[in-house]
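Trainee: First the structure, then my questions, so here it is.
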Amino acid sequence: MSDGRVRLRLFVDYGYTWPLEDFMWPAEERPDWNALLPAELIARLEEWARFFTKHANEETGSFGTEDRRRWFDLEGVRLHNELLDRVGDQFDIRLELWF
């Protein structure tokens, strides 16, 4: 990016355990999230990824209920906002919600 921040997507897919796309980067290039983020936020990010795998239907894209879908979307926005507050000066984080 021209402003020096690293671009990252906040998103999940089936079987993902971490919702930031750096999981595909070489280990030496990955951010030290344990140093950058509080444990509670890391746990919420991981739970958001697990929730998707558990509830999103691969074939239909449905979460089974509107409440589940609403929670997934709202939690994604909350996580995105918190990441921007904490590390937005270092990372250009883009939220991508499924379907």
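Trainee: Take the conditions acidic (Asp, Glu), surrounded by 14 or more Cβ atoms within 10 Å (Cβ to Cβ) and either touching a residue at least 24 places away in the same chain (Cβ under 8 Å) or not in a loop (DSSP other than H, G, I, E, B) (or both) and apply them to residue 28. Does it pass? Outline the logic, then answer.
Mentor: On the way: acidic (Asp, Glu): yes; surrounded by 14 or more Cβ atoms within 10 Å (Cβ to Cβ): no; either touching a residue at least 24 places away in the same chain (Cβ under 8 Å) or not in a loop (DSSP other than H, G, I, E, B) (or both): yes.
No, not satisfied.
Trainee: Of all residues in region 34-68, which are free of Cβ contacts under 8 Å to residues at least 12 places away in the same chain and part of a helix (DSSP H, G or I)?
Mentor: Within region 34-68, 34, 35, 39, 40, 42, 43, 47, 54, 66, 67 qualify.
Trainee: Another question about this same structure. On the basis of being within 13 Å of the chain's Cα centre (by Cα), at pLDDT 95 or above and buried (at least 16 other Cβ atoms within 10 Å of the Cβ), does residue 74 make the cut?
Mentor: Values: within 13 Å of the chain's Cα centre (by Cα): yes; at pLDDT 95 or above: yes; buried (at least 16 other Cβ atoms within 10 Å of the Cβ): no.
No, not satisfied.
Trainee: On the basis of being part of a helix (DSSP H, G or I), of a type in the set (A, V, I, L, M, F, W, C), without any contact (Cβ under 8 Å) to a residue 24 or more places away in the chain and at negative phi, does residue 84 make the cut? Write out each step before concluding.
Mentor: Numbers: part of a helix (DSSP H, G or I): yes; of a type in the set (A, V, I, L, M, F, W, C): yes; without any contact (Cβ under 8 Å) to a residue 24 or more places away in the chain: yes; at negative phi: yes.
Considered against the rule, which asks whether it is part of a helix (DSSP H, G or I), of a type in the set (A, V, I, L, M, F, W, C), without any contact (Cβ under 8 Å) to a residue 24 or more places away in the chain and at negative phi, residue 84 comes out as yes.
Trainee: Select, from 65, 17, the only residue that is among the hydroxyl-bearing types (Ser, Thr, Tyr), loosely packed, with under 15 Cβ neighbours inside 10 Å and within 12 Å of the chain's Cα centre (by Cα). It would help to see each step written out before you state the result.
Mentor: On the way: 65 fails: within 12 Å of the chain's Cα centre (by Cα).
Going through 65, 17 in turn, the sole match is 17.
Trainee: Scan region 77-95 residue by residue and report those that are touching a Lys or Arg at 6+ places or on another chain (Cβ under 7 Å), more than 18 Å from residue 48 (Cα to Cα) and surrounded by 16 or more Cβ atoms within 10 Å (Cβ to Cβ). If you could, list the steps in order and put the result at the bottom.
Mentor: We begin by selecting, within region 77-95, every residue touching a Lys or Arg at 6+ places or on another chain (Cβ under 7 Å); these are 79, 90-92, 94.
When the remaining residues are screened for being more than 18 Å from residue 48 (Cα to Cα), the result is 90-92.
Within region 77-95, just 91 meets the criteria.
The values are calculated or read from the model by the stated rules, or taken from the named source; none is laboratory data. The structure presented is a predicted model; accordingly, all values stated were derived computationally and were not measured. Counting neighbours? That spans all protein chains shown, and the Cβs are built from the backbone with ideal geometry, glycine included.
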